[in-house]
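The values are calculated or read from the model by the stated rules, or taken from the named source; none is laboratory data. On a predicted model such as this, the values are computed, not experimentally measured, just so you know. Positions of Cβ are backbone-derived with ideal geometry, glycine not excepted, and every protein chain shown enters the neighbour counts. When the accessible area is computed, the model is the full protein with side chains, heavy atoms only, and any ligands, DNA or RNA have been set aside. Shrake-Rupley method; radii C 1.70, N 1.55, O 1.52, S 1.80 Å.
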Amino acid sequence: MATHHAKVDFVAAFSLAQSWQLSPEQCFEYAITLEQSEAITPEEQALVLSYIHTEKHLVQALQDSNHPDHAAALSEVQAQCLHTIRLYSYHWKKDNALAEEDICQTALLRTLEKIKLFKYRSAFRTWITRIVINESLQLHRRQNTQSRAAEQESLELHAGLQSHQESVLDVAINNVERIEFEAILRQQTDQRLLTVFEMYVDQDATLKQIGEYLHLKPSRVHTLLKLVRDLFRGFRDNPDHNPPQT
């Protein structure tokens, strides 16, 4: 109890210094939020109080669907989410199948789910920016994985592989002889084979994405990837054999 009274006194003194003119009830409410923030030093507590003073109304409105400003708060945060998606879109591959509005809605819902975890240790705008970026990256990864799975099934069928077999390139990911295989690819006349291999294995890139990078049609990338697979099969089956130059 003594600690809580100390927090109330701290808030009251800070309010006076900042000319906030907080009422005793507001000082008590700020003190409770300050305790929950887990701020320790006076500097940290002062920073948290600043964020509480500027952000608390918005956070409360978002948390309470019956709050008179709930709709306005949702609109404000939705606009912030959309702005963040557009501002940081260079961090992920843009996919037309994922509309900005859909990503925004997902990020907004996740923000509402996590808002109880907000401790006012940063600006609310900064806090939701991390959520939006994380959700955007995860959505694009899932979309890319689904596209990759569909293409992989078709690719393995054309390459003569059964759908239940482990991809030979997936074997290469964890193979201790990968360095040797990459050396073989560097020896090939067509240096694009190494790029195709690295993008497909390391970046989880689709045929379309590899094609865009190399300025090739997906069908041509498919042919190059099949050559890489054939080379790897030969290397795996007979690592001492020098494969023919492509």
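Residue-by-condition table, conditions (1) within 23 Å of Phe10 (Cα to Cα); (2) free of Cβ contacts under 8 Å to residues at least 24 places away in the same chain; (3) in a helix (DSSP H, G or I):
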| position | (1), (2), (3) |
| --- | --- |
| Gln26 | yes, yes, yes |
| Glu35 | yes, no, yes |
| Ile40 | yes, yes, no |
| Ala46 | yes, no, yes |
| Lys56 | yes, no, yes |
| Ala73 | no, yes, yes |
| Glu76 | no, yes, yes |
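Selection of helices (runs of 4 or more DSSP H) fully inside region 178-230 by the criterion of at least 2 residues being closer than 23 Å to Arg141 by Cα returns 192-202, 207-214. Going through (1) open to solvent by less than 30 Å² (accessible area, probe 1.4 Å); (2) over 30 Å from the mean Cα position of the chain (by Cα) one by one, Ser19 falls short only on (1). Once region 54-76 is narrowed to residues that are within 17 Å of Glu29 (Cα to Cα) and of a type in the set (A, V, I, L, M, F, W, C), the residue that is nearest to the chain's Cα centre (by Cα) is Val59. Taking every residue in region 207-235 that is of a type in the set (D, E, K, R) and pairing it with any residue that is not in a helix (DSSP H, G or I), at least 6 positions away or on another chain, the pairs with Cβ-Cβ distances below 6 Å are Lys226/Ala159; Arg229/Ala159.
Please give the number of the condition Ala6 fails out of (1) within 21 Å of Ala123 (Cβ to Cβ); (2) at pLDDT below 90; (3) among the small types (Gly, Ala, Ser); (4) assigned to a helix (DSSP H, G or I). The one condition Ala6 does not meet is (1). Taking region 22-67 as the range and being β-branched (Val, Ile, Thr), surrounded by fewer than 16 Cβ atoms within 10 Å (Cβ to Cβ) and under 27 Å from Leu108 (Cα atoms) as the test, the residues that pass are Ile32, Thr54.
Among the residues of region 97-121, what is the count of those that are open to solvent by 20 Å² or more (accessible area, probe 1.4 Å) and at pLDDT 85 or above? Walk me through it before giving the result.
Pass one, region 97-121, residues open to solvent by 20 Å² or more (accessible area, probe 1.4 Å): 97-102, 105-106, 109-110, 112-114, 116-117, 119, 121.
When the remaining residues are screened for being at pLDDT 85 or above, the result is 105-106, 109-110, 112-114, 116-117, 119, 121.
Residues that pass the stated criteria total 11.
Could you tell me whether Gln60 is part of a helix (DSSP H, G or I), without any contact (Cβ under 8 Å) to a residue 24 or more places away in the chain and closer than 28 Å to Ala79 by Cα? Against the criterion (part of a helix (DSSP H, G or I), without any contact (Cβ under 8 Å) to a residue 24 or more places away in the chain and closer than 28 Å to Ala79 by Cα), Gln60 qualifies.
Answer yes if at least one residue in region 232-241 is modelled with pLDDT under 80 and in contact with a Gly (Cβ under 6 Å, 6 or more places away or on another chain), and no otherwise. No, there is no match, as no residue in region 232-241 is modelled with pLDDT under 80 and in contact with a Gly (Cβ under 6 Å, 6 or more places away or on another chain).
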